[in-house]
Amino acid sequence: MLAEVVELRAKNKQLEQALVSRAVSQHRNVKLRDVAAALVATTKGQELPEAIRREWPRALRRLHALERR
């Protein structure tokens, strides 16, 4: 029983994180694959696009708030 509760909580946390990621993507119509590509490009000296720089901190704060629950 305890193992099932732990497993359900872990799945719930994953779903919450996915929802936050999706919300960022939909809010600015930025596809997650584009965000990933932009992050990889930063390793080659490119800057993050304005839309991602502006929205990402908000999304991370929301995700952090969900994790602290």
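Values for this structure:
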{"item": "Rounded accessible area of Val6 (nearest 10 Å², 1.4 Å probe)", "result": "90 Å²"}
{"item": "Eligible aspartates and glutamates near Lys11 by straight Cα distance, threshold 14 Å, same-chain separation 8 or greater", "result": "Glu67"}
{"item": "Spin-label pair Arg33/Leu2, simplified geometry with 7 Å Cα→Cβ offset, distance in nm", "result": "4.4 nm"}
{"item": "Label-point gap, in nm, between Ala18 and Ala51 - each point 7 angstrom along Cα→Cβ", "result": "2.3 nm"}
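The values are calculated or read from the model by the stated rules, or taken from the named source; none is laboratory data. All of these numbers come straight from a predicted model, not from anything done at the bench. With ideal geometry, Cβ positions are generated from the backbone for all residues, glycine too; neighbour counts draw on all protein chains shown. Just so you know, the surface numbers come from the protein's heavy atoms only, side chains and all, with ligands and any DNA or RNA stripped out. Shrake-Rupley method; radii C 1.70, N 1.55, O 1.52, S 1.80 Å.
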